[in-house]
Amino acid sequence: MKKQSDLSRLLQIAGSHKYLTYASWVLSAISAFIALIPYYYIWKVIQEVLAVAPDFSRARNLTDNGWMAVLFSVLAVLVYIAGLMCSHMGAFRIATNLRLKAMEHIIKLPLGFAESFGSGKLRKIVNESSAATENYLAHQLPDRANAIATPCGLILLLLVFDWRLGLLSLVPVVLGFLIMMAMTGQQMQEKMKEYQNALDDMSNEAVEYVRGIPVVKTFGQTIFSFKKLKDAIDRYKIWVIAYTKQLRTPMMFYTAAINGVFAMLIAAGLLFTQNGVTTEFLLDLIFYIIITPIISVTLTRIMLQSENAMIVNDALQRIDSVLNLKPLAEAKQPKHPKDASVELQNVHFSYDGKTEVLKGISLTIPQGQTAAFVGPSGGGKTTLANLIPRFFDPQSGIVKIGGVDVKEIAKEELMDTVSFVFQNSRLIKASILENVRMGRPDATREEILAALHNAQCDDILEKLPQGVDTVIGAKGVYLSGGEQQRIAIARVMLKNAPIIILDEASAFADPDNEARIQAAFSKLSKGKTVIIIAHRLSTVVGADKIYVISHGQIAESGSSRDLLARDGVFSRMWQNYQTSVQWKVAKEV
């Protein structure tokens, strides 16, 4: 099957707007032909000047020919502008459709996709890759039609007046074109991909660095604390310098070739006039010297268009890297969980398909009980919890809710069954009311206020100028991390899902906020199946069962009393934790 070209694919996305794109090509080509007409009138001006010299008072048509040149120049600009208007309307529609298509697909992907893919890289693909197609369609394609039409008209003009000078004018064109093809071939396409990869890496690492600025400022670190960002910048610098040096020599010859047409014409003029100069030849020579700079401009535009075509090809491949990701399969005949119990049977999971993060995890959390996942960092606690709401699917094993494989539960019902409070819960730039209402869009104002009250948010509402209607992030209104967490808890309370996952939900809260958050958790967890992920062991001692996750396996499990009675991982973690909370800053005497 023949592969669809990038252009035909973009025009297919445009729908009925593709006819505007076609119209832009036609208008741009017409403007190119019209733009050559003024040179004919310039030639007539030069002809008349040479004919009447030195008595220029005998020139009668200079003004008329000059105004005709101006008229056709203005007409060419107006037709070109009309073409650009058509191309922009089509390009904007295509870029919009691409963004919509990408975002609609992203929504269908598992929730863990964005985190594993990289938010900065994802943002760049959706925004900048679609913007690359917009620039290509709005400017480069009309310019390509213009650049193709211009040489056709030029060849006609160059050969009509003096075919010898015309052919000589084309020699640098051919030479420049060959050099250009060498620079913009398959190797250039690979280099363009490397260039975009380097930009993606920098964009992704820059986003992560910006997010970590509070930590940098708190601990007095520098940019070198974020080694990945510095390494990405260094890789980009090395690549750009090497690539620039590689193109330096061919670009020098290309520039010399396309800008050296006039030099060849002058040399030809000296050769052809050894037996004397005729007025007709002088007229043609002057005309050719005036018109040949168009050749260099046209070739440069063609080269830039070739580069932009590669950029668009790379942009579409990057968008495809998102669109080709398969959404999690949904059951054709969904089943309904019978209760809010959670069960994992011999679950294995890997992010990259090579290194296993979870290795044969099996556990059962009965309905209404509280389970805690603790253990060393990187042991797989969060990954394990992420499998329950289907942020990812395991490579093998089964995850069940209410006795039903989560793969057989409809996506909407699964999301209504499980709620989660993350370590860094995010609020959108909207009122507190709207932020909480996201938990249940049909909730009344009274139900939202009740949820905020139960989440210990009364003090937050009292200090804000418009209470629950205050827009977060507007006019200097910001909330602390602990306050944002309480708003997020209110949202989860309003949703009222039977299974709650708390992932380090109070890790960064100050003592006052932590006390309020814990009080909110007490109300939130009543009658619910709760899964707590925590490093602060004091928050999990009341759990019905604690699972110690280490190196992707359950090292031990049981109540806090049972685990402390053993000489195991949890008891050692508890001893270290008790030692750390007793640390004090010594006062210098």
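The values are calculated or read from the model by the stated rules, or taken from the named source; none is laboratory data. Every value quoted in this text rests on a predicted model; they were computed, and no experiment measured them. All Cβ positions, glycine included, derive from the backbone under ideal geometry; neighbour counts span all protein chains shown.
Could you look through region 326-335, keep only residues that are surrounded by 13 or more Cβ atoms within 10 Å (Cβ to Cβ) and either in the same structural domain as Leu109 (by TED's automatic domain parsing) or not hydrophobic (A, V, I, L, M, F, W, C) (or both), and pick out the one that is nearest to Asn386 (Cα to Cα)? Selected residue: Pro327. The set of residues in region 375-403 that are over 30 Å from Ser538 (Cβ atoms) and among the basic types (Lys, Arg) comprises Arg390, Lys400. Looking across region 403-429, just one residue is modelled with pLDDT of 85 or more, of a type in the set (A, V, I, L, M, F, W, C), surrounded by fewer than 21 Cβ atoms within 10 Å (Cβ to Cβ) and within 30 Å of Tyr478 (Cα to Cα), and that is Met415.
Test Ser425 against the stated conditions and say whether it is under 30 Å from the mean Cα position of the chain (by Cα), in a loop (DSSP other than H, G, I, E, B), touching a residue at least 24 places away in the same chain (Cβ under 8 Å) and assigned by TED's automatic domain parsing to the domain that holds Arg516. Reasoning before the result, please.
Details: under 30 Å from the mean Cα position of the chain (by Cα): yes; in a loop (DSSP other than H, G, I, E, B): yes; touching a residue at least 24 places away in the same chain (Cβ under 8 Å): yes; assigned by TED's automatic domain parsing to the domain that holds Arg516: yes.
Yes.
Please verify whether Ile302 is among the β-branched types (Val, Ile, Thr), surrounded by 13 or more Cβ atoms within 10 Å (Cβ to Cβ) and at pLDDT 75 or above, treating the condition exactly as stated. Answer is no for this residue.
Evaluate region 11-33: report whether one residue or more is among the aliphatic types (A, V, I, L, M) and over 49 Å from the mean Cα position of the chain (by Cα).
Taking region 11-33 first, the residues among the aliphatic types (A, V, I, L, M) are 11, 13-14, 20, 23, 26-27, 29-30, 32.
Restricting the remaining residues to those that are over 49 Å from the mean Cα position of the chain (by Cα) gives none.
Within region 11-33, not a single residue is among the aliphatic types (A, V, I, L, M) and over 49 Å from the mean Cα position of the chain (by Cα).
Of the listed requirements (1) in contact with a Phe, Trp or Tyr (Cβ under 9 Å, 6 or more places away or on another chain); (2) within 16 Å of Ile179 (Cα to Cα), Tyr243 misses just one: (2). If you go through region 165-184 and keep only what is farther than 17 Å from Met310 by Cα and of a type in the set (Val, Ile, Thr), you end up with Val171, Val173, Val174, Ile179. Every condition in (1) within 27 Å of the chain's Cα centre (by Cα); (2) over 12 Å from Ala520 (Cβ atoms) is met by Gly467 except one, and the failing one is (1). Listed by position, the helices (runs of 4 or more DSSP H) enclosed by region 107-176 that each have at least 2 residues that are at pLDDT 70 or above, of a type outside the set (Phe, Trp, Tyr) and farther than 22 Å from Leu78 by Cα are 119-124, 130-135, 141-161.
Here region 34-79 is the region considered, the condition is being farther than 20 Å from Leu156 by Cβ and among the hydroxyl-bearing types (Ser, Thr, Tyr), and the residue that is farthest from the chain's Cα centre (by Cα) is Ser57.
Restricted to region 465-482, and to residues that are of a type in the set (A, V, I, L, M) and modelled with pLDDT under 85, which residue is nearest to Glu434 (Cα to Cα)? Can you show your working first?
At the first step, the residues of region 465-482 found to be of a type in the set (A, V, I, L, M) are 468, 471-472, 474, 477, 479.
From what is left, the residues that are modelled with pLDDT under 85 are 472, 474, 477, 479.
Details: Ile472: 10, Ala474: 14, Val477: 15, Leu479: 15 Å.
Going through the qualifying residues, I end up with Ile472.
When you look at Asp234, is it among the charged types (D, E, K, R), in a helix (DSSP H, G or I) and over 30 Å from Glu194 (Cβ atoms), yes or no? I'd like the intermediate steps shown before the answer.
Working: among the charged types (D, E, K, R): yes; in a helix (DSSP H, G or I): yes; over 30 Å from Glu194 (Cβ atoms): no.
In short, no.
Scanning region 435-462 for residues being assigned to a helix (DSSP H, G or I) and either among the small types (Gly, Ala, Ser) or modelled with pLDDT under 85 (or both) gives a total of 2.
Answer yes or no as to whether Pro38 is farther than 30 Å from Gln423 by Cβ and in the same structural domain as Asn127 (by TED's automatic domain parsing). Steps first, please.
Values: farther than 30 Å from Gln423 by Cβ: yes; in the same structural domain as Asn127 (by TED's automatic domain parsing): yes.
It is true that Pro38 is farther than 30 Å from Gln423 by Cβ and in the same structural domain as Asn127 (by TED's automatic domain parsing).
Annotation note: of Val374, Val436, the sole residue that is within 30 Å of Leu461 (Cα to Cα), assigned by TED's automatic domain parsing to the domain that holds His535 and crowded, with 22+ Cβ neighbours inside 10 Å is Val436. Note on region 501-525: residues that are assigned to a loop (DSSP other than H, G, I, E, B) and at pLDDT 65 or above amount to 2. Contact annotation: residue pairs with Cβ atoms under 6 Å, 6 or more positions apart or on different chains, pairing a residue in region 313-340 that is within 30 Å of Leu141 (Cβ to Cβ) with a partner that is basic (Lys, Arg) and at pLDDT below 80, are Asp314/Lys193. Selection over region 387-411 of residues that are under 27 Å from the mean Cα position of the chain (by Cα) and in a helix (DSSP H, G or I) gives a count of 2. Residues in region 340-367 that are modelled with pLDDT of 90 or more and not in a strand (DSSP E or B) were compared, and the one that is surrounded by the fewest Cβ atoms within 10 Å (Cβ to Cβ) is Pro366. In the set Val52, Val45, only one residue is buried (at least 18 other Cβ atoms within 10 Å of the Cβ) and more than 21 Å from Thr150 (Cβ to Cβ); that residue is Val45.
Apart from one condition, Gly403 fits all of (1) touching a strand residue (DSSP E or B) at 6+ places or on another chain (Cβ under 6 Å); (2) under 19 Å from Val530 (Cα atoms); the exception is (1).
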